[in-house]
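**Q** A single structure is presented below for examination.
Laboratory data are not the source of any read-out in this text; all were calculated from the coordinates shown. Please read these numbers as outputs of a predicted model, since none were measured by experiment. Here the Cβ positions follow ideal geometry from the backbone for every residue, glycine too, while neighbour counts run over all protein chains shown.
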Amino acid sequence: MRFLKLIVLLLLCLSYTQALPAEEKKCPLTPTQTKIFSSEKRNVVDYYRALVACQLVSDYYDLHYIDDRWTNGEAGDLYSVVVDIDHGFIQFDEESGDAYETSQIALFRDKNRDALIAYYDELRVGAYFGYKYADLSFYRFDQTNRQIVNVTEEVLPQITLSDFGISDIEYKNLKNIKQELFSSAIENTILFSYKLPRYGTSVQAILVVNKSQLDHYRQYITDHSDLEILDHYYNQISKETIELKWDKAKSRFVREQ
């Protein structure tokens, strides 16, 4: 009986804890990182480690400089690592079965030489239209409060299907296609993926449901009305990639005409 009462008490405590409002997350920069961020010598690795400390990355990849190269520090290198200090760029590639994850970090400088930190993470899979998720965020270091601040909405223009020549209605019509494989794919896909630059200052926004993907699925579609819907969408695509160029003076990205 005493054991049962103890169990009930523990469950009540747990439910009370879960009902409490979540505390606001602070950016836990270490004293060493704070010192580094006060120096002009900080580089893309320093910024990446700050994002990790602030729990702003999807997956944490450790970095070590061993034998004149960057590595994860483990035997066999479980994934591919590219660290380009000079160009302010890092990329991790990890493969597991039919899933392929890529994480990129890139630095952009404004007219005051302050850094904008870009972090992008995508997971490509064998099913759907090749992507399970694609997340892009931008951060700045707040010198006054020693915190990393998300400024994505301030620096990134809103990307819509119309930028690729497609209306929302045309895209929604794809969900009326009855072929089971295609129907499942369109219900579970994302709209856009991105690519950060190792060289240059332009970010690419890429249409996921593009012509090559539609060509792949066409072989499975035999219904005439389904093909008409697919062809109508296909013919409306005016471009598949949009270049977003970093404007130093405006401290934001602008669409290249």
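**Q** Can you check what the net charge comes to around residue 180, using other residues whose Cβ is under 12 Å from the Cβ of residue 180 (Lys, Arg +1; Asp, Glu -1)?
**A** Taking every Cβ under 12 Å from that of residue 180, the sum is -2.
**Q** Same structure, new question: Between residue 69 and residue 41, what's the calculated FRET efficiency when r is the beta-carbon distance and R0 is 30 Å? Round to 0.05.
**A** Here the calculated transfer efficiency is 0.90.
**Q** How charged is the neighbourhood of residue 131? Take every other residue with its Cβ under 9 Å from the Cβ of residue 131, and add Lys/Arg as +1 and Asp/Glu as -1.
**A** Net charge around residue 131: +1.
**Q** Neighbour counts of other C-beta atoms within 10 Å: give me 70, 246 arranged from fewest to most.
**A** In increasing order of surrounding Cβ atoms, one gets 70, 246.
**Q** Sorted from largest down, what three extents in whole angstroms do the Cα atoms of segment 25-255 have along their principal axes?
**A** The Cα atoms of segment 25-255 stretch 65, 45, 33 Å along the principal axes, largest first.
**Q** Going down the list 111/195; 172/250; 172/245, which pairs span over 27 Å between their C-alpha atoms?
**A** Correct reply: 172/250; 172/245.
**Q** Related question: Mind ordering 163-171, 112-120 by average Cβ neighbours within 10 Å, highest first?
**A** 112-120, 163-171
**Q** Quick one: 223, 46, 68, fewest Cβ neighbours within 10 Å first, how do they rank?
**A** By the 10 Å Cβ count, ascending, the order reads 68, 223, 46.
**Q** Same structure, new question: Around residue 111, under 11 Å between beta carbons, what's the net of Lys plus Arg minus Asp minus Glu among the other residues?
**A** In short, +1.
**Q** Same structure, new question: Rank the residues 56, 136 as a footprinting-exposure proxy: fewest other Cβ atoms within 10 Å of their Cβ go first.
**A** Final ranking by Cβ density, sparse to dense: 56, 136.
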